[in-house]
Amino acid sequence: MQGARRAAALVPSASVVTVPVIETAGDKIGGVRSLDVLVENQRRTREALVHIEGHVITVGGDCAVDIAPIAAARARYGDQLTVLWIDAHPDVYSPQTLPSGAFHAMVVRALLGDGPAGLTPEQPLTAQQVLIGGERAGAFSEHEYLASTGLRRYGVDDLERVLDGLRGPVYVHIDLDVLEPTAFGSTCYPEPNGVMPQRLIELLSQVDDIIGAAITEHAPGGDEVDPDEADVIRRLGAALAR
């Protein structure tokens, strides 16, 4: 949460709406850790979004914050919406395949309609509406799921292929662990051989009709602000807010 607050302060915006989420742990239900707390926080986020119009950039502690804003974008734009999921991980675990029960590793699967009640949108995305970019750390069970659904994924070497035929409206999700950890290390689950920040910023500058976005998983290790990392977040935010 500290990382989310720091990142939010760096993203250019006309106004900031803070959702007062529950900060305590909840119960593990149906294989999902703190399911009751997550469901309530999603409800609060949906409630906040009702009163916001226009381009929204969501900044949160982990990828689960994207459920409500992507569901809102899906309801507004329908089948025309494309979600560009930029992440070192594909986030398509299920409660049955992830013993820890950490929902942030199940978010894309939930967005596709295969998730726990209360965390699965009423109008799920189709596999054709999702592009994963920068992924390099998916588990075997996740890659089995990706293959079975036909969901498109690109790694670090061919990241720019996400732009091929990309049409708006586009919602862009960024998990900061997609970045090369020697250039940006303040993430929850850093993975080696990532995307350099400038390359990602240049890619985002080529995406037309961004109607919403998210920046997630900023996890600074102490009270000191890393000026280089702060600059990366500031520039990413500017690229998403244009």
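The values are calculated or read from the model by the stated rules, or taken from the named source; none is laboratory data. Owing to the predicted nature of the structure, the values given are computational and were not obtained by experimental measurement. Because the Cβ atoms are built from the backbone with ideal geometry, glycine has one as well, and the counts that use them run over all protein chains shown. These accessible areas exclude ligands, DNA and RNA; they are computed on the full protein's heavy atoms, side chains included. Shrake-Rupley method; radii C 1.70, N 1.55, O 1.52, S 1.80 Å.
Here are the numbers for the structure shown:
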| read-out | value |
| --- | --- |
| Inter-label distance, nm, simple model (7 Å from Cα along the C-beta direction), Arg161/Glu144 | 2.4 nm |
| Global form of segment 177-242, assessed from the alpha-carbon gyration tensor, a/c cut-off 1.5 | prolate |
| Highest average packing first - 86-99, 197-210, Cβ atoms within 10 Å | 86-99, 197-210 |
| Shape of segment 79-166, Cα gyration tensor, a/c cut at 1.5 | oblate |
| GNM result for the chain, Cα springs below 10 Å: residue of Arg109, Arg153, Arg161 fluctuating most strongly | Arg161 |
| Relative contact order for segment 1-133, counting Cα pairs under 8 Å that sit 6 or more residues apart, in percent | 25 percent |
| Between segment 177-198 and segment 121-160, the Cα center-to-center distance that results, in Å | 19 Å |
| Helical mean residue ellipticity (222 nm; -39500 (n - 2.57) per DSSP H run of 4+; nearest 500) of the chain | -9000 deg cm²/dmol |
| Whole-number accessible area per residue in Å² for segment 19-123, which is evaluated in the context of all protein chains at 1.4 Å | 45 Å² |
| Surface per residue (accessible, 1.4 Å probe) for segment 159-242, Å² | 44 Å² |
| Of all accessible heavy-atom area on the chain, the percent that carbon and sulfur account for (1.4 Å) | 50 percent |
| Shape of the chain, Cα gyration tensor, a/c cut at 1.5 | rounded |
| Net length gained if the chain between Asp114 and Ala183 were fully extended (0.36 nm per residue, minus Cα distance) | 21.4 nm |
